[in-house]
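Student: Take this structure first; my questions come after.
The values are calculated or read from the model by the stated rules, or taken from the named source; none is laboratory data. Because the structure is predicted, anything quoted here is derived from the model rather than measured. Here the Cβ is made from the backbone with ideal geometry for all residues, glycine too, and neighbour counts use every protein chain on show.
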């Protein structure tokens, strides 16, 4: 399983406001999600290209039944881009149903593409199923290759926990090296989102996210 998490906007855009702050009767907080066409299409098209290259299916995960603007917008873009890739098997899942299927039937997922918040949660769930944090590599990838990529473990243990139990993460090292050399060594200048460098097969799950 490879999880593609959009990592530049979405639910973590940092937009919002406090209204009537300090007034117990009227205080409220607004948190605004930002979903732009160009960014959504970029990560979705990257997912289709990756699915084509690796012979996997592609699953889009959203919450269009409740997030009736951003979720519906994401689903519309995914379905439109899918028309350019008739040979790729696709699925559209709501995030709550997807979380259940991650546990019950993880083998059904090939490549997964989703938004920032959903990807944040599902990547942790995926590596938890695989055996624990640190077993799967992650990468912040620019499909255009105009900016460097960052390769790291999915979630680092808290320093206090690591010191208390002398935790180290040796299983992750070889997979991080593998993914980073694949992403860097075979890259070509001028590559586009339609021709990213090959990525290694992912088992346990790998997570990838595209920066600006």
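Student: Give 11, 6, 41 a once-over and let me know the one that is surrounded by 11 or more Cβ atoms within 10 Å (Cβ to Cβ) and under 16 Å from residue 82 (Cα atoms). Steps first, answer last, please.
Tutor: On the way: 11 fails: under 16 Å from residue 82 (Cα atoms); 6 fails: under 16 Å from residue 82 (Cα atoms).
Result of the check over 11, 6, 41: 41.
Student: Ok, one more. If you scan the range 109-134, which residues turn out to be more than 23 Å from residue 35 (Cβ to Cβ), surrounded by fewer than 18 Cβ atoms within 10 Å (Cβ to Cβ) and in contact with a helix residue (DSSP H, G or I) (Cβ under 7 Å, 6 or more places away or on another chain)?
Tutor: Scanning the range 109-134 gives a single hit, 129.
Student: Ok, one more. Could you identify the single residue in 110, 55 that is touching a strand residue (DSSP E or B) at 6+ places or on another chain (Cβ under 8 Å) and closer than 22 Å to residue 138 by Cα?
Tutor: Numbers: 55 fails: touching a strand residue (DSSP E or B) at 6+ places or on another chain (Cβ under 8 Å).
Answer to the selection: 110.
Student: Further question on the same structure: Evaluate the following for residue 13: is it in contact with a strand residue (DSSP E or B) (Cβ under 6 Å, 6 or more places away or on another chain) and at pLDDT below 95? It would help to see each step written out before you state the result.
Tutor: On the way: in contact with a strand residue (DSSP E or B) (Cβ under 6 Å, 6 or more places away or on another chain): yes; at pLDDT below 95: yes.
For residue 13, the condition - in contact with a strand residue (DSSP E or B) (Cβ under 6 Å, 6 or more places away or on another chain) and at pLDDT below 95 - is met.
Student: Still on this structure, please answer the following. Kindly indicate whether residue 84 is within 15 Å of residue 46 (Cα to Cα) and surrounded by fewer than 15 Cβ atoms within 10 Å (Cβ to Cβ). Steps first, answer last, please.
Tutor: Values: within 15 Å of residue 46 (Cα to Cα): yes; surrounded by fewer than 15 Cβ atoms within 10 Å (Cβ to Cβ): yes.
Yes; evaluated as a whole, the condition is true for this residue.
Student: Find all pairs meeting these conditions: Cβ atoms under 7 angstrom apart; at least six residues apart or on different chains; first residue within the range 80-96 and more than 14 Å from residue 56 (Cβ to Cβ); second residue assigned to a loop (DSSP other than H, G, I, E, B).
Tutor: 94/63; 94/65; 95/63
Student: Oh, and also: Checking the structure you have, find out if any residue of the range 95-106 is surrounded by 13 or more Cβ atoms within 10 Å (Cβ to Cβ), assigned to a strand (DSSP E or B), out of contact with any helix residue (DSSP H, G or I) (no Cβ under 6 Å at 6 or more places or on another chain) and at pLDDT 95 or above.
Tutor: No - not one qualifying residue is present in the range 95-106.
Student: Another one. Just for strands (runs of 3 or more DSSP E) wholly inside the range 2-57: which have at least 3 residues that are out of contact with any helix residue (DSSP H, G or I) (no Cβ under 8 Å at 6 or more places or on another chain)? Break it down into steps so the answer makes sense when it comes.
Tutor: Working: elements: 2-5, 10-19, 28-34.
Result: 10-19, 28-34.
Student: To continue, here is another question. Those residues that are closer than 16 Å to residue 119 by Cβ and over 18 Å from the mean Cα position of the chain (by Cα), I need them from the range 49-75; list them, please.
Tutor: The answer is 67, and nothing else.
Student: Further question on the same structure: Would you pick out the residues in the range 109-137 that are within 17 Å of the chain's Cα centre (by Cα) and free of Cβ contacts under 8 Å to residues at least 12 places away in the same chain? Break it down into steps so the answer makes sense when it comes.
Tutor: We begin by selecting, within the range 109-137, every residue within 17 Å of the chain's Cα centre (by Cα); these are 109-130, 133-137.
Residue satisfying the conditions is 128 alone.
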